[in-house]
Amino acid sequence: MDRNESAPAIVIKSERHGERDRMVTVLSPVWGLRRVLVYGAQKSRKAVRAPLYTEAVFHIYNNRERNLCSLVDLNIISIHENVLSGLEVNLSSSLMCEIIMDQRGGEAPAYYTLLTSCLDRLDADNYQLVVIQFILRALALAGQGLSLSACPVCGRPYGADEILGFSNQVASPCCHICDNLSGSLILPPNARRYLADSLALELPQALSLGLSGNMRRRIMRYMIRSYRFITASALKSDAALLELEGDCQ
């Protein structure tokens, strides 16, 4: 590891570190997940700052003796100020970053592109679509994609108008016969077609597909709850976003 390194990255977590400093976690297509100390960020106006969601070329110094990386400077690409446009947008941004942390960076270049692209397009009018596409694609990157054409338990191809259940045995949607959640997590045929069709498209085209407001809310709730079952993860932002959308489960 060189003492001085530079790479594009985005801040996905920021926390206090003592009285004066902050510790940020960045996702980089080069470094993956990395913790970087920002000296003086709590107190000094002259300190280099890297707020949450800042995308930039980060210049860092590696202190090998202390096994510590610190921020020297950065060249900002985007501060993603749109994430402050409303509570729904802010919670959506938090949820996406939590998922990146939960996946431990995974395929870092692909996750970096997915996250920055979603944040670039996120606003108060489309946050539900962005969350849907982010979770759908993040699961696919993690090798945990939804089974949308055939039941992963019995292998039977789904009928065109079949309503899917969910099997926590294989952590995936399944046919109603293999559903072991007693119908508590169902996927209607039109929602399944949307997910399958949109996943085959590039992100901008997927986000342009028309969905009614009610359908967007239902599919977003489904994707958030599916992520819980598939990964057995307890995230902070998902419950708040579900409650905001009128889902208390």
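Residues checked against (1) among the basic types (K, R); (2) part of a helix (DSSP H, G or I); (3) assigned by TED's automatic domain parsing to the domain that holds I186; (4) more than 24 Å from D179 (Cα to Cα):
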position: L201; (1), (2), (3), (4): no, no, yes, yes
position: G210; (1), (2), (3), (4): no, no, yes, yes
position: M215; (1), (2), (3), (4): no, yes, yes, no
position: R221; (1), (2), (3), (4): yes, yes, yes, no
position: I224; (1), (2), (3), (4): no, yes, yes, no
position: F229; (1), (2), (3), (4): no, yes, yes, no
position: A240; (1), (2), (3), (4): no, yes, yes, yes
Checking E15 against (1) surrounded by fewer than 17 Cβ atoms within 10 Å (Cβ to Cβ); (2) touching a residue at least 12 places away in the same chain (Cβ under 8 Å); (3) over 12 Å from A56 (Cβ atoms), only one condition comes out false. Which one?
(2)
Quick one: would you say Y53 is over 23 Å from the mean Cα position of the chain (by Cα) and of a type in the set (F, W, Y)?
no
Can you tell me which residue among D120, D161 is modelled with pLDDT of 95 or more and assigned to a loop (DSSP other than H, G, I, E, B)?
D161
Q169 versus (1) under 30 Å from G32 (Cβ atoms); (2) without any contact (Cβ under 8 Å) to a residue 40 or more places away in the chain; (3) not in a helix (DSSP H, G or I): which is the lone unmet condition?
(1)
Residues of region 62-110 being touching a Lys or Arg at 6+ places or on another chain (Cβ under 8 Å), in a helix (DSSP H, G or I) and not charged (D, E, K, R), in sequence order, are S94, C97, M101
Single unsatisfied condition, R192 versus (1) crowded, with 18+ Cβ neighbours inside 10 Å; (2) among the charged types (D, E, K, R); (3) under 18 Å from the mean Cα position of the chain (by Cα)
(3)
Report, ordered by the first and then the second residue, all pairs with beta carbons closer than 9 Å, sequence separation of six or more or different chains, a first member in region 208-225 that is more than 18 Å from I99 (Cα to Cα), and a second member that is of a type in the set (A, V, I, L, M, F, W, C) and not in a helix (DSSP H, G or I).
S208/L201; L209/L201
R34 passes all but one of (1) in contact (Cβ under 8 Å) with a residue 40 or more places away in the chain; (2) within 18 Å of P8 (Cα to Cα); which number fails?
(1)
Lone unmet requirement of (1) outside any loop (DSSP other than H, G, I, E, B); (2) in contact with a helix residue (DSSP H, G or I) (Cβ under 7 Å, 6 or more places away or on another chain) for S233:
(1)
Is at least one residue of region 38-47 outside the structural domain of R121 (by TED's automatic domain parsing), among the polar types (S, T, N, Q) and either at pLDDT below 90 or more than 25 Å from the chain's Cα centre (by Cα) (or both)?
yes
Quickly run through region 128-147 and pick out the residues that are touching a Phe, Trp or Tyr at 6+ places or on another chain (Cβ under 8 Å) and not β-branched (V, I, T).
A138, L139, L141
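The values are calculated or read from the model by the stated rules, or taken from the named source; none is laboratory data. All values reported here derive from a predicted model rather than from experimental measurement. Ideal geometry is used to build each Cβ from the backbone, glycine not excepted, and the neighbour counts take in all protein chains shown.
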